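Input: a single structure, listed below in C-alpha cells.
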Amino acid sequence: MLSQSAINKLKSIVGEKNVVTDKIGMFAYSYDGTMLEGSHVGIVFPESTQDVVEIVNFCREQGIALVPRGAGTNVSGGTLPSEGSLVINFSRMNKVLEIDMENYVAIVEPGVVNWDIQEILGKYGYYYPPDPASWKASTIGGNLGESSGGPKCFKYGVTRDFIYGLEVVLPTGKVIWVGGRDFSSEPMYDLTRMFVGSEGTLGFITKAAIRIQPVTPAKRTMLGIFDTPEDCSQAVADIVAAGIIPTTLEMMDNLIINTTEDYANAGNPRDAGALIIIEVDGYPGDLDEQVETIREVCKGANAKEFRVAKSAAEVDQIWLARRVAFGSVARVKPNYGINDITVPRSEFPKAIAGIEKVKREMGAIIGIVAHAGDGNLHPLILYDQRNKEEVDLLHEAEMELCNMAIDLGGTISGEHGIGILKKSLLLKEFGPQTMEVFKKVKRAFDPQNQFNPGKLIELD
C-alpha cells in the first residue's frame, strides 16, 4: 500500500487526476488478456517524458517496482502487475508529434492507438504496416513491447522491422535516444532492436520514430477453401515455394469457420476443413499473373473452391470471418487461450498436423487461426474459466503446442511475447548459456530489477 506521502508526491508530478489508488479504480488494471490477475498499489498516468523520468527516480528511491501498461490487450501476462508494484500507464501519452512523408517517418508517443495512426496516415495516402488483430485497441507502446506482427507480417515484417529509433527512459532515470530518426542505420550496438520486444524490462519507451510507407497502388484479394486443414496448409507451403510473397496469407480451420458463420454469416461453407485468405499488392500490371499462379497452386492442393474478389464489397465479405474470428468462439466456450507458436514455413503442414494430434489425444477444443505465410500459428484453446479441469487442460495443451514448435525448429512466441506464461520454456528454446547472457543484459540495464520484474527473465 502506498503511503499518503508517496501518493502526494506522485500527484505533484503528474497531477491529481493521473493517480489512481482506490480499490475499484485499480481493479481494471490488475488483469490483461490472459484472464490472470496481479496485485499492485496504484496506477500513475504520465503525460510527458519528464513525468516518466520523475516517476522513475522517485520509485527507485522508494524501492517501488514499475510495471508498464498500455491498453492491456497483452495475452502472455507481460502487463500483469507484480506484488507491491506501481502500474505506469502510458495511454495518456498519445500524441502524434510529427509526420514526415518525405523521409517516410512519423514520430509518435507510446499511447497512440495503432488504428488511430493508420487513420491519420491514410488521409495522406500512407500507412504503417504492422497491424496486429488488436489494432483498434492496442497501443504502439504495447506493440513495441511485444514486437507485434499482424496479417501483413509475411511480406512486410513485424514491429521491429519498422522502427527507426526510440526515446527511452532507463531505470537510472536517464533519457537516451537509440537508432536513427529517419534512417535505419545504427553504427554501434543495435539497441533499438534490443528494446523492441523486451516487454519494458530494460527501459520505458517514450517516443518512437516509426517507418511509414505509401499505400500500394493496387491489391487483389482471394479466398481458397479446402476439405482438410492438411490440404490447406500444403497450399500455403506451395504458394511460398512458387516464389510468391503475398501481403497476407491467413488461415482458419473448420471450428473457426463455423463460429464465424454463427456470429456473422460470412458466407463460407460449414463443411470446409479450412480456408485461406490471400492478398497480394503492388502495381496493377504485376498482379494478374500472381493471382493465376495462386489459383493453380490452390487447385493443385485440392481446393474445393477459389474466389477472387471483384469489388470492395467482396473484399470486405472475404475478410469478415477473419475480423470476427476471435470473438466468435464465445459461442462455444466463454474463454480462450491464444497461443502464438511459430515454425519454419516448410514445417507449417507438420505444425497443423501436430495441433490436430493434440486435439485428438488430449481432448482439447482448439480452433486454428494463423498468419500462415510467416509460419505464425494462433491455436485458440477454448475453455471455461470456472471449470478447473478445463483450465488445467488449457495449460497442458499450451505446453504441448510450444514443445512441438521448438521440436520443429520454431519458437514459443512469434508476436505475443513471453510475459509470465512461457518463461519455463525459454531454457529449452535457448539453452543455459544464452539464458545467462539474457540475464546479464537485464542486470546491466536494471540491476535493482525495478522495471517489470518477474517478466521474461527471473534474476537469481
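Some observations on this one:
- Cα centre as origin, Lys/Arg/Asp/Glu Cβ charges: the stretch 160-301 dipole, Debye: 840 debye
- Two-site label geometry, residue 385 and residue 96: point separation in nm, points 7 Å out along Cα→Cβ: 3.4 nm
- Surface composition of the chain: carbon plus sulfur atoms contribute 52% of the solvent-accessible area (1.4 Å probe, protein chains only, all chains present).
- Alpha carbon centroid spacing (whole Å) that separates the stretch 245-300 from the stretch 109-124: 27 Å
- Nearest-20 debye value, the stretch 69-151 charge dipole, Cβ charges on Lys, Arg, Asp, Glu: 240 debye
- Using the 1.4 Å probe convention, the accessible area of the stretch 66-172 works out to 32 Å² per residue with neighbouring protein chains retained.
- Mean separation of Cα contacts under 8 Å (6+ apart) over length of the stretch 382-453, as relative contact order %: 16 percent
- For the stretch 227-314, the solvent-accessible area works out to 43 Å² per residue, with a probe of 1.4 Å and every protein chain left in place.
- In this structure, residue 48 and residue 308 have a Cβ-Cβ separation that, at R0 = 60 Å, corresponds to a calculated FRET efficiency of about 0.75.
- Cut-off 12 Å between beta-carbons: net charge of the residues surrounding residue 380, Lys and Arg +1, Asp and Glu -1: -1
- Within the shell defined by Cβ-Cβ distances under 9 Å, the residues around residue 132 carry a net charge of -3, with Lys and Arg each +1 and Asp and Glu each -1.
- Relative contact order computed over the stretch 105-251 (Cα-Cα under 8 Å; 6+ residues apart), in percent: 29 percent
- Residues of type aspartates and glutamates that residue 304 reaches as a straight line, Cα spacing below 15 Å, ignoring anything fewer than 8 places off in the same chain: 227, 230, 231, 253, 271, 296
- When only the Cβ of Lys, Arg, Asp and Glu is charged (+1, +1, -1, -1), the dipole of the stretch 326-460 relative to its Cα centre reaches about 180 debye.
- Computed from backbone phi, the HN-Hα couplings of the stretch 380-385 come to 9, 8, 8, 7, 10, 4 Hz, rounded to whole numbers (Karplus: 6.51 cos²θ - 1.76 cosθ + 1.60, θ = phi - 60°; Gly and Pro given as x).
- Cross-link partners of residue 136 among lysines (Cα-Cα below 19 Å; sequence separation of 8 or more within a chain): 95, 123, 152
- 1.4 Å probe accessible area per residue over the stretch 390-434, in Å²: 44 Å²
- Projected area, mean over directions - the chain, Cα convex hull, nm²: 22.0 nm²
- Rounded to 10°, Cα long-axis angle of helix 229-241 versus longest principal axis of the chain: 80 degrees
- Once C-alpha pairs closer than 8 Å and six or more residues apart are averaged by separation and normalised to the residue number of the stretch 1-63, the relative contact order reads 35 percent.
- Spin-label pair residue 424-residue 189: with each label point 7 Å from Cα along the Cα-Cβ axis, the two points sit 3.2 nm from one another.
- Residue by residue, the stretch 246-257 carries 3J(HN,Hα) couplings of x, 5, 9, 8, 9, 10, 9, 9, 4, 4, 5, 4 Hz when phi is fed to the Karplus relation 6.51 cos²θ - 1.76 cosθ + 1.60 (θ = phi - 60°); x denotes Gly or Pro.
- Spin-label pair residue 3/residue 296, simplified geometry with 7 Å Cα→Cβ offset, distance in nm: 7.7 nm
- Set of lysines with alpha-carbon distance to residue 423 below 21 Å, sequence-local pairs under 8 removed: 439, 440, 442, 455
- Debye log10 I(q)/I(0) for the stretch 1-64, one point scatterer per Cα, at q = 0.12, 0.21, 0.23 Å⁻¹: -0.31, -0.89, -1.02
- Phi-based couplings in Hz for the stretch 191-202 (Karplus 6.51, -1.76, 1.60; Gly and Pro marked x): 6, 4, 6, 6, 6, 5, x, 8, 6, x, 8, 10
The values are calculated or read from the model by the stated rules, or taken from the named source; none is laboratory data. This structure is a prediction, so every number in the text was calculated from the model and none was measured. Positions of Cβ are backbone-derived with ideal geometry, glycine not excepted, and every protein chain shown enters the neighbour counts. The protein model used for the area step is the full one, side chains on, heavy atoms only, and it has no ligands, DNA or RNA in it. Shrake-Rupley method; radii C 1.70, N 1.55, O 1.52, S 1.80 Å.
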